[in-house]
Amino acid sequence: MKEILHNRGIKSRLDAWLAFLALDEPEWIEAVITAYPEFRHLYGEVYEMCRNLERVMEMYSKELQELDRNTVQYMIDEMQETINQKDAQLSQKDAVIEVQSEQLTQFKQLLEEQNRQIRKLQSQINSKKE
C-alpha cells in the first residue's frame, strides 16, 4: 500500500481513504489532510479516541462481552442440537426395545405352550407304560 502511494501519491479520494485506513505516518496524514481537508475531522476523532485509553478499553470490553455472549449462545445451540440428536437416537432404540420385548413375550408364550404339550405327551407315555 505504502509503495503504491509513494509512487503515485494521493491522486483520488480512494487513495485518500486507503491512506487514512492503512497509514499512520505523519507525512501521510499531512498529505491526506492537504489534499482532502474533510479528513482532518476523522483524524481528530481517531486521535481523541486513542488518547482516551479508558474509552478504547471500554469499547473493546463491550465487543468482547458481545462476542462472549454470542459464543455462549452458539455453544448452547450446539449442545441443544446434540441433545436433540441423542433424544432421537434414544427414541429409535426404545422402539427397537419395544419390538424385541413383544417378540420375547411371544417366544415365552410359545415355549410355555410347547412345555405344556411336552408334559402332556410325557404323561400319556407314562400312562401307556403302566
### Message
Going through Ile118, Ile125, Ile83, Ile97 one at a time, which residue ends up being of a type in the set (Val, Ile, Thr) and loosely packed, with under 10 Cβ neighbours inside 10 Å?
### Response
Ile125
### Task
Specify which of the listed residues (Ala95, Ala35) is under 30 Å from Lys11 (Cα atoms) and either in contact (Cβ under 8 Å) with a residue 60 or more places away in the chain or not aromatic (Phe, Trp, Tyr) (or both).
Ala35
### Task
Looking for whichever is surrounded by 11 or more Cβ atoms within 10 Å (Cβ to Cβ), among the acidic types (Asp, Glu), over 14 Å from Ile10 (Cβ atoms) and out of contact with any Ser or Thr (no Cβ under 8 Å at 6 or more places or on another chain) here; the options are Glu58, Glu48, Glu63, Glu54. Which one fits?
Glu58
### Message
Pull out all pairs, ordered by first then second residue, where Cβ-Cβ is under 8 Å, the residues are six or more apart or on different chains, the first lies in segment 54-70 and is free of Cβ contacts under 8 Å to residues at least 60 places away in the same chain and among the charged types (D, E, K, R), and the second is surrounded by 10 or more Cβ atoms within 10 Å (Cβ to Cβ) and part of a helix (DSSP H, G or I).
### Response
Arg55/Met49
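Every read-out reported here was derived from the displayed coordinates using simple, explicitly stated rules and does not represent laboratory data. Bear in mind that the values here come from a model prediction, so they are computed numbers and not experimental data. Counting neighbours? That spans all protein chains shown, and the Cβs are built from the backbone with ideal geometry, glycine included.
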